[in-house]
Amino acid sequence: MLTKSISFVARSSSVTRLLANFIYDLSRYLKSSSAGERVDTKIKFQALIVKEYHRIEKGLALNKPRVGFGSEVVQSLLSKLRQYQRKYGLDETGQTALNVLFAYYDFNLDHGLRDEQLYQELLELKNTIPNNQSLTSIGGVIKLSKQEILDSAKQDLRAFFQSRYSIRQFASDNVEMSLIEAAVKMAQKTPSVCNRQSSKVYVFSSDEDKRKALSYQTGNRGFGDQASKVLIVTSDLGHFFHIGERNQCWIDGGMFAMSLVYALHSLGLGTCCLNWSVTYDVDRALKKAIGIRDSESIIMMIAVGHLPDEFKIAQSARKSLKEVLIVS
Ligand SMILES: Cc1cc2nc3c(=O)[nH]c(=O)nc-3n(C[C@H](O)[C@H](O)[C@H](O)COP(=O)(O)O)c2cc1C
């Protein structure tokens with residue numbers, strides 16, 4: 001009887017704690033995401049613009065797009081782009097959206113549909129870009145051949161994947177920022193929902209900053225202090241729009257983090273992912289200590305360093321293929 005009561009109390013207290021953490025997630029999603037299309041920050045506005053122009057890009061990338069397709073999305077994007085231009089001017093996001101709309105206009109024109117009004121509206125928007133502002137030509141579709149893809153992707157990556165290990169011994173050399181920048185640039189090619197690119201990377205280099213960040217993380221004992229850089233990957237909830245997207249930050253941020261780890265590996269650096277499996281109080285405390293906004297979800301930390309000449313790794317055996325690959 002007593003054991004039953006103790007287990008009931010233990011269970012109900014862990015349910016209470018779980019509920020408190022769910023409420024934390026719920027309130028952050030309500031406050032920081034664009035659920036209900038409540039667009040009150042620049043990040044949210046950009047995400048909305050990207051989401052809409054990407055629908056048009058995707059349409060243009062189909063085998064045989066219908067002439068005049070997506071006119072509602074086009075009108076909606078155009079009106080949002082006008083608002084965006086008035087508020088922020090046509091920065092890279094705005095210009096890319098404009099280029100997509102020009103590509104849409106050109107596609108229709110090539111197929112016998114001239115939309116003069118759309119063209120004039122696009123020109124009007126384009127003319128708002130100041131002469132001294134740099135222009136981007138990105139946006140729309142590009143034609144590729146199978147051969148081009150094969151030529152770039154034909155490397156046998158088995159050895160590359162097999163030689164990435166979680167590294168828990170680092171050499172004392174400094175990891176140059178240029179290497180981190182190169183890796184982040186590579187990771188930016190990671191796919192993300194509607195290309196919204198919600199991920200960010202914070203870099204900590206000084207002993208004090210690294211120590212501060214790592215003090216909130218429980219899995220770096222015995223090696224975290226050897227890392228030349230500590231990275232924190234986040235994903236901003238402002239990029240997500242509806243209830244179904246409430247967990248999308250973990251997917252997009254997680255995929256970005258994976259790419260980043262592989263990019264660092266390709267540059268010869270050692271990495272160890274460091275979990276951010278924490279309760280809300282720890283999440284809040286770290287964000288406050290190092291200045292990460294509440295709207296950002298912390299995906300993980302990554303310890304980065306140069307490899308020592310010789311070192312040990314945990315073997316970390318993998319399951320058999322038949323346990324993982326289910327062929328129906
Ligand atoms: C999200 C995530 C969190 C992790 N957190 C830690 C951690 O806190 N400390 C640690 O030593 N390793 C951590 N790891 C590393 C795993 O233990 C390691 O990836 C796994 O054992 C497979 O080994 P391998 O990376 O050498 O292939 C983490 C890995 C991932 C993907």
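Below, the figures for the structure above:
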quantity	calculated
Residue check for L237: surrounded by fewer than 21 Cβ atoms within 10 Å (Cβ to Cβ), more than 16 Å from the ligand (Cβ to nearest atom) and either over 20 Å from A182 (Cα atoms) or at pLDDT 95 or above (or both)	no
Filter pass, S259 being farther than 20 Å from S215 by Cβ and either of a type in the set (D, E) or away from the ligand (no atom under 14 Å from the Cβ) (or both)	no
Hits in segment 116-129 - residues which are part of a loop (DSSP other than H, G, I, E, B) and either touching a residue at least 12 places away in the same chain (Cβ under 8 Å) or β-branched (V, I, T) (or both)	T128, I129
Qualifying residue in segment 19-32 (condition: among the basic types (K, R), surrounded by 12 or more Cβ atoms within 10 Å (Cβ to Cβ) and either part of a helix (DSSP H, G or I) or at pLDDT below 95 (or both))	yes
Tally of residues being under 16 Å from E176 (Cα atoms) and either open to solvent by 50 Å² or more (accessible area, probe 1.4 Å) or in contact with a Leu (Cβ under 7 Å, 6 or more places away or on another chain) (or both) across segment 207-222	1
Answer from L62, L48 - the residue that is of a type outside the set (K, R) and either modelled with pLDDT under 90 or more than 26 Å from S297 (Cα to Cα) (or both)	L62
Residues that are closer than 12 Å to V278 by Cα and of a type in the set (A, V, I, L, M, F, W, C), drawn from segment 10-24	L18
Set L274, L231, L264: member being buried (at least 16 other Cβ atoms within 10 Å of the Cβ), at negative phi and in a helix (DSSP H, G or I)	L264
Tally of residues being part of a helix (DSSP H, G or I), surrounded by 17 or more Cβ atoms within 10 Å (Cβ to Cβ) and of a type outside the set (F, W, Y) across segment 36-54	10
Condition check for S152: open to solvent by 60 Å² or more (accessible area, probe 1.4 Å), at pLDDT below 95 and within 28 Å of V73 (Cβ to Cβ)	no
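Yes/no matrix, rows are residues, columns are (1) exposed (fewer than 10 other Cβ atoms within 10 Å of the Cβ); (2) touching a residue at least 60 places away in the same chain (Cβ under 8 Å):
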position: L60; (1), (2): no, yes
position: K80; (1), (2): no, no
position: R86; (1), (2): yes, no
position: L101; (1), (2): no, no
position: N108; (1), (2): no, no
position: G139; (1), (2): no, yes
position: E148; (1), (2): no, no
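The values are calculated or read from the model by the stated rules, or taken from the named source; none is laboratory data. Everything numeric here is computed off the predicted structure, so don't read it as measured data. All Cβ positions, glycine included, derive from the backbone under ideal geometry; neighbour counts span all protein chains shown. Calculation scope for accessible area: heavy atoms of the full protein, side chains included, ligands and nucleic acids excluded. Shrake-Rupley method; radii C 1.70, N 1.55, O 1.52, S 1.80 Å.
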